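Notes to accompany the following structure.
The values are calculated or read from the model by the stated rules, or taken from the named source; none is laboratory data. Model, not experiment: these values are computed from the prediction. Note: ideal-geometry Cβ built from the backbone for every residue, glycine included; neighbour counts use all protein chains shown. For the accessible areas, the whole protein counts, side chains as well, though only heavy atoms, and no ligand, DNA or RNA atoms are used. Shrake-Rupley method; radii C 1.70, N 1.55, O 1.52, S 1.80 Å.
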Amino acid sequence: MTKHRIYSVSIASVYPHYVAKAEKRGRTKADVDEIICWLTGHTQETLDNQLANDTKFEDFFAHAPQMNPSRSLITGVICGVRVEDIQEPTMQEIRYLDKLIDELAKGKAMAKILRK
């Protein structure tokens with residue numbers, strides 16, 4: 001089975017789109033970073049390093065310090081697919097991040113986005 005193309009895309013190439021989407025709706029880059037760090041266990045410093053090194057999505061999630069166990073509480077539809085039903089683990093992690101960024105852009109409270 002061939003891997004999806006998104007796996008070989010660098011997180012740094014998509015990150016500006018996440019920030020732009022958030023900022024267009026009155027949120028901030030810091031909000032985006034907080035979500036990514038919550039999901040992956042990265043610190044701001046290690047996240048900045050991953051972005052600077054053009055880390056591919058597949059490696060970004062495979063080598064994340066500590067994926068948040070509460071991510072299993074993320075539910076809903078992204079790109080027409082329920083995130084909780086995605087079978088391939090890396091794709092599910094990518095879609096979890098997409099879903100969280102969507103929730104941020106829709107104005108959801110940060111505590112709800114981070115499943116607190």
Please state which one of 29, 24, 99, 56 is closer than 18 Å to residue 8 by Cα and at pLDDT 95 or above.
56
First in the stretch 72-86 and without any contact (Cβ under 8 Å) to a residue 60 or more places away in the chain, second anywhere and open to solvent by 80 Å² or more (accessible area, probe 1.4 Å) and basic (Lys, Arg), Cβ under 8 Å, 6 or more apart:
75/82; 76/82
Looking for something open to solvent by 30 Å² or more (accessible area, probe 1.4 Å), assigned to a helix (DSSP H, G or I), under 13 Å from residue 94 (Cα atoms) and of a type outside the set (Gly, Ala, Ser) - is there at least one such residue anywhere in the stretch 2-13?
yes
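Under the condition of being assigned to a helix (DSSP H, G or I) and of a type in the set (Asp, Glu), which residue from the stretch 57-92 is surrounded by the fewest Cβ atoms within 10 Å (Cβ to Cβ)? Spell out the reasoning first.
Filtering the stretch 57-92 for residues assigned to a helix (DSSP H, G or I) gives 57-62, 69-73, 83-85, 89-92.
Now drop any that are not of a type in the set (Asp, Glu), which leaves 58-59, 84-85.
Numbers: 58: 19, 59: 17, 84: 15, 85: 9.
Filtering first and then ranking leaves 85.
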Under 18 Å from residue 99 (Cα atoms) and either at pLDDT 95 or above or of a type in the set (Ser, Thr, Tyr) (or both), is that true of residue 37?
yes
For the stretch 27-56 the number of residues that are open to solvent by 60 Å² or more (accessible area, probe 1.4 Å), assigned to a helix (DSSP H, G or I) and free of Cβ contacts under 8 Å to residues at least 24 places away in the same chain is 6
